[in-house]
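J.: Pasting in a structure now, in structure tokens, and then I'll have a few things to ask.
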Amino acid sequence: MPRTLPGRKGGPIPFEEALDIVRRSAAPLEAEKVPLALALGRVLRQDVVSDMAMPPFDKSAMDGFACRRSDLPGPFEVVETIPAGRPPTRTLAQGQAAKIMTGAMLPEGADCVFVVEEAEALPDRRVRHSGRKTADNICRKGSDVSPGQLLVAAGARITPKAVSSLALAGCVEPLVSRKPVVGVLATGDEIVAPSERPGGAQIRDTNSIQTLCQAAQCGCDTRSYGIVRDDAAAISAALARGAAECDVLIVTGGVSMGDFDLVPGALREAGFELLFEKVAAQPGKPTVFGRRGASFVFGMPGNPVSCFIVFEFLVKELLARMTGLSERPAGARLPLAAAVRRSRADRLARIPVRVTPAGLAEAVPYHGSAHVTSLAGADGVISMPVGVASLEEGDLVDVRPI
Ligand code: AMP
Ligand code: MG
């Protein structure tokens with residue numbers, strides 16, 4: 001008997017509408033303070049402002065001799081040696097120099113440092129500049145950062161390149177978003193664990209680990225709920241458990257129109273309100289999004305490329321809302337290496353591409369959403385909007401990195 005589920009008769013909604021629903025439904029999670037050493041990957045929930053000038057004093061950029069430029073090339077009387085970390089004790093008078101180390105504080109009276117490689121030693125602790133001319137070799141106080149300057153804004157992810165700015169500001173316990181807890185549940189009678197050798201009509205579960213890794217890369221805590229058979233009661237029970245333990249539950253498989261696609265019904269059974277059930281996107285048309293209390297669920301098509309793309313374009317948006325992340329992946333606008341065509345243009349298509357050494361976007365071999373190994377050779381995806389059936393060689397396309 002053909003199944004008709006309530007709300008499933010309608011056609012797919014445009015991707016932009018789905019995106020809007022996802023964005024509007026989530027609120028930010030709580031913020032918490034964490035030690036800086038444990039903050040990698042977290043999203044900042046405070047602005048980080050510098051509490052001082054950087055450099056904090058005029059400092060030497062080189063090992064050499066501090067002097068007055070008007071006295072060059074010398075000879076100079078060397079009055080002291082200034083190591084990094086110890087303030088100078090002398091003000092330089094005319095004809096005087098101080099031996100100075102990189103990072104050391106410039107003495108009063110000096111406006112120039114010539115490098116040690118261009119210093120000619122003379123008798124009686126004297127020295128002369130032997131080069132033709134010299135740069136100042138001074139890093140001026142506040143030239144990098146002024147007091148009160150915004151270094152990293154709320155909404156940034158704490159990456160290795162951002163974390164040093166927090167250390168610079170003495171922000172050793174940044175306020176960050178709590179980590180979202182993401183659960184992953186695979187469904188399907190044909191699915192076996194990757195550790196098993198599939199027999200007969202079975203295939204290995206590639207979605208679970210792929211999705212868990214995508215979530216981990218977004219700074220989430222992850223939980224795997226394993227593989228559940230295509231059995232309505234078993235799926236409902238697993239969903240209820242997952243929803244109680246997770247902020248976001250991701251269920252793969254069982255959302256299409258097949259006789260054993262039981263997930264939407266099981267979601268309703270488990271008390272989820274479904275906010276959409278189909279999106280005009282390719283891959284990823286049978287994508288279900290719902291909520292139960294503060295927990296959200298995505299039901300994703302079983303094909304692994306579909307799963308990957310739905311995570312990339314919808315789940316990441318939900319996680320961004322929850323964590324307060326304001327940055328989006330920086331893409332590049334590149335010319336297409338060769339024409340890309342499709343027979344129908346009623347969905348927003350995502351096509352995996354690689355970036356060639358010549359800087360062109362080139363579609364990778366891709367046989368459709370089951371072709372999971374195609375992703376490993378891709379650097380990004382390009383989009384073909386609804387109504388666009390072909391892109392020509394040389395057309396500029398936006399490559400979103402994956
Ligand atoms: P479904 O969405 O359940 O109709 O599944 C669509 C296709 O994806 C079928 O060929 C499934 O065998 C495959 N599939 C479903 N779940 C997984 C999984 N966890 N890993 C790899 N392939 C899967
Ligand atoms: Mg299935």
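The values are calculated or read from the model by the stated rules, or taken from the named source; none is laboratory data. Computed from a prediction, not measured in an experiment: that's the story for all the values here. Don't worry about glycine lacking a Cβ; one is built from the backbone with ideal geometry, like all the others, and counts go over all protein chains shown.
J.: For the subset of the range 260-284 comprising residues that are of a type in the set (Asp, Glu) and more than 10 Å from ligand 1 (Cβ to nearest atom), which member is surrounded by the most Cβ atoms within 10 Å (Cβ to Cβ)?
T.: Step by step, filter the range 260-284, then rank; the result is Glu277.
J.: Give the residues of the range 353-363 that are out of contact with any Leu (no Cβ under 7 Å at 6 or more places or on another chain) and part of a strand (DSSP E or B), sorted by residue number.
T.: Those that are out of contact with any Leu (no Cβ under 7 Å at 6 or more places or on another chain) and part of a strand (DSSP E or B): Val353, Arg354, Glu362, Ala363.
J.: Show the residue pairs meeting these rules: Cβ distance below 7 Å; 6+ apart or different chains; first residue within the range 371-383 and closer than 21 Å to Asn207 by Cβ; second residue within 13 Å of ligand 1 (Cβ to nearest atom) and among the polar types (S, T, N, Q).
T.: Every condition considered, the pairs that remain are Val372/Thr206.
J.: Another one. For the range 174-233, which positions are farther than 18 Å from Gly299 by Cα, more than 16 Å from ligand 2 (Cβ to nearest atom) and of a type in the set (D, E, K, R)?
T.: Residues satisfying the conditions are Arg178, Lys179, Glu196, Arg197, Asp221.
J.: Hey, another quick one. Residue under question is Val182, and the condition is that it be part of a loop (DSSP other than H, G, I, E, B) and touching a helix residue (DSSP H, G or I) at 6+ places or on another chain (Cβ under 7 Å); does it hold?
T.: no
J.: Quick one: how many residues across the range 141-168 are part of a helix (DSSP H, G or I) and farther than 14 Å from Ser50 by Cα?
T.: Of the residues in that region, 2 qualify.
J.: Within the range 221-246, which residues are closer than 20 Å to Asp205 by Cα and among the charged types (D, E, K, R)?
T.: Listed by number, the residues that qualify are Arg223, Arg229, Asp230, Asp231.
J.: Also: Which count do you get for residues in the range 225-235 that are of a type outside the set (A, V, I, L, M, F, W, C) and part of a helix (DSSP H, G or I)?
T.: Final tally of qualifying residues: 0.
J.: Looking at the range 348-368, can you tell me whether even one residue there is modelled with pLDDT under 95 and under 25 Å from the mean Cα position of the chain (by Cα)?
T.: no
J.: Among the residues of the range 201-224, which ones are within 13 Å of ligand 1 (Cβ to nearest atom) and either part of a strand (DSSP E or B) or not hydroxyl-bearing (Ser, Thr, Tyr) (or both)?
T.: Ala201, Gln202, Ile203, Arg204, Asp205, Asn207, Ile209, Gln210, Leu212, Ser224
J.: Yes or no: Gly109 modelled with pLDDT of 95 or more and touching a Leu at 6+ places or on another chain (Cβ under 6 Å)?
T.: In short, yes.
J.: Also, quick follow-up: Looking at this structure, is Ser326 in contact with a Gly (Cβ under 6 Å, 6 or more places away or on another chain) and closer than 20 Å to Lys179 by Cα?
T.: So Ser326 fits the description; yes.
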